[in-house]
Amino acid sequence: MKKSTSLILLFVLLSSLILSGCLREKGAQNTTQKAPVTLTFYGLFDNDELYAPLIQAYESQNTHVTILYKKFTDPEAYLDLIVNELAEGEGPDIFMMHNTWFPKNYKKLTPAPASIVTPEVFRSLFVEIAGEEMIIPDDFNVEQVWGLPLYIDTLALYYNDEHIEDALPSQGTPSTTWAGIKEDVIQLNREDQSFERFERTGIALGRSDNILRAFDILMLMMLQYKVEFYSEDLTQVAFGSDANALAALQLYTSFALPSQNNYSWNKYLSDADSAEKELATFARGKLSMLMGFSYTYENIINEINALKAEGEEVIDLNSVKIQEAPQVYDPETSAETREAYASYYVPVVSRTSANSEEAWKFLASMSTEENLRYYNDETHRPSALRSLIEEQMLDPIYGVFAAQVGYAQSLPMADPTEYKTLFLEAVDDILDTVRADNVLKNLSEDIQSLIPADGIKPTYVPAE
C-alpha cells in the first residue's frame, strides 16, 4: 500500500475511534455513561451472518450501541418501503442503496460528517466511480459524501471453455471486442431443425425478456460507444440522433435478429418466466457465453447442482471461465479507454435517523481495510478500496471483477425503473422491425420527460 493511502486510511480509522469513544489515553478510565443507542440496518440479499462479526466488533467497543439488521430480497418493494417510511419520519437508520438510486434519492440521506470522511479523503481511498456517484453537492453547493461503498460489481463475460476449445482452438479464449465476439458466435453456433433453432448457441444477447441482465448489458454497450446521454448540466437528453447510441442499440439487438450473421438468441432458448433464464441454458451446455456480475458464478453453481439433482446432463463446473467484458474499441490497439458497467449497493444513513452520527461511525468501522478484506472473502464482491485491488486481482475466479473496478462506469438516471422499462421496450420495437433510428428518437423523448427541470442531480461549482 502507498504510504499516503495508509496515512489517510489511518486518519479515517482514528477519527472513527475518537468519535466513538474507543481511543483513550493510556491508563485513562471512561467514566461517562452514554445513553443507549439502537441502530436499525436494512440490507438487501445479504444474510445476518455476513454482518454479524462486524456488528459484534462495533458493539463490543461501543457498549451503549445495539445494531439490529433486517434482510430484504425484493429491491423494488424494499425501495418503496423505505421511501414510504422516510416520508412518515420513520424508517431505518442505515440502509443499502443502489448506485443508480442516488440522483433521485440522495436528499433522503444524511451526509457524512467531515470528522468521519471528507470528499478529498474519500477520493483518495476509493476508486473513481465511487467518488463520481457518492459525492454530491448539497443545497449550499458544498460537496458531501453520501455513502461508503463496500464493493463495486461489474459485468464480465462468462464462457464454457470446452466450447471455445472446440470451435476456436487457435484463440483459446473469446475475443476481447464485440466485433470479435460476433465472429466467435458464428463459429460457436450449431444450428438444427428444432424450435430453438440451435443445438448449441454462441451467446445470450439481443432480447429484453429472457436475459437476466439485458438492461445492464445495453447500458454497458452505450457507455463503450461513448454515447453522450445528456447536456453538460444534465437537464437535456442528447442521444436522440446520436450515431453511437444507434450503433449500440443495433449491436445489442443484432444477436436476436435472424437476418444477422451473428444471430444466436431467441425466445425459445430460455424461459422468460423463470428466475434462471439463460443460466439454465448455460448449465445444460447449450450456451457458450453470457454476461454476468460476480454473483453470477454462484448462481451458475446453484443451477448446475439443481439440474443435476433432477437427473439432467450438465456442464463440468471446471469448464466455466470468466474474462473481462468485451469492448467496442480494441484495448490492444485503441487509445480509447475501456468501459465496464458498475452495479452495487452502498450503506447509507437516512435523514430521519435520530442517531446519524453514531450510524456514520459504524459505517466508517465497516470500511476499514481489514473489514473490507473480510467482506470480499465472504462475498467475492470486489472492494471499492484502492489498496485492495491488486491482491484481489490474483483470485483465479473473481480476479476479473477486481481488474475492472478501476475503469467501471455508470449512468446518472432520473428514474432507474422507468429507464429500464423504456430501454427494453426499445429493444422489443427493433425486434418487431420498427426502424432503429425512429426507436432511438422516441426513446430519447420518453427519457426527457422523466428529467426534472433543474437536472438529474446538482453539479458542484467551485467558488471563484
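The values are calculated or read from the model by the stated rules, or taken from the named source; none is laboratory data. As the structure is a computational prediction, the values presented were derived from the model and not from experiment. Note that we place each Cβ from the backbone using ideal geometry, even for glycine, and neighbour counts take in every protein chain shown. Surface areas here come from the heavy atoms of the whole protein model, side chains and all, with no ligands, DNA or RNA. Shrake-Rupley method; radii C 1.70, N 1.55, O 1.52, S 1.80 Å.
Meeting the requirement of 2 or more residues that are in contact (Cβ under 8 Å) with a residue 40 or more places away in the chain and surrounded by 19 or more Cβ atoms within 10 Å (Cβ to Cβ), the helices (runs of 4 or more DSSP H) wholly within region 101-151 are 102-105, 128-134.
Within region 306-335, residues that are assigned to a loop (DSSP other than H, G, I, E, B) reach partners that are buried (at least 18 other Cβ atoms within 10 Å of the Cβ) and aromatic (Phe, Trp, Tyr) with beta carbons closer than 7 Å, at six or more positions or on different chains, in the pairs Pro326/Trp178; Val328/Trp178; Val328/Tyr225. Pairing residues of region 208-221 that are farther than 18 Å from Ala340 by Cβ with residues that are basic (Lys, Arg) and in a loop (DSSP other than H, G, I, E, B), at Cβ distances under 6 Å and at least 6 apart in sequence or on separate chains, gives Asn210/Lys277. Of all the residues that make up region 67-84, how many are open to solvent by less than 60 Å² (accessible area, probe 1.4 Å) and over 25 Å from the mean Cα position of the chain (by Cα)? Matching residues across region 67-84 total 1. Considering each of Ile116, Ile94, Ile67 in turn, give the residue that is more than 23 Å from Arg381 (Cα to Cα), touching a strand residue (DSSP E or B) at 6+ places or on another chain (Cβ under 6 Å) and β-branched (Val, Ile, Thr). Being more than 23 Å from Arg381 (Cα to Cα), touching a strand residue (DSSP E or B) at 6+ places or on another chain (Cβ under 6 Å) and β-branched (Val, Ile, Thr) holds for just one of Ile116, Ile94, Ile67, which is Ile67.
Among the residues of region 197-208, just one is out of contact with any helix residue (DSSP H, G or I) (no Cβ under 8 Å at 6 or more places or on another chain) and either open to solvent by less than 10 Å² (accessible area, probe 1.4 Å) or under 14 Å from Val427 (Cβ atoms) (or both), namely Phe198. Working carefully through the options Val461, Val439, find the one that is touching a residue at least 40 places away in the same chain (Cβ under 8 Å) and surrounded by fewer than 19 Cβ atoms within 10 Å (Cβ to Cβ). The match here is Val461. So, Glu369, is that one more than 23 Å from Ser124 (Cβ to Cβ) and of a type in the set (Asp, Glu) or not? Against the criterion (more than 23 Å from Ser124 (Cβ to Cβ) and of a type in the set (Asp, Glu)), Glu369 does not qualify.
Scanning region 322-338 for residues that are open to solvent by 80 Å² or more (accessible area, probe 1.4 Å), more than 14 Å from Thr154 (Cα to Cα) and among the charged types (D, E, K, R) yields Glu332, Glu336. Within region 348-369, being outside any helix (DSSP H, G or I), among the small types (Gly, Ala, Ser) and within 15 Å of Pro149 (Cα to Cα) holds for one residue alone: Ser367.
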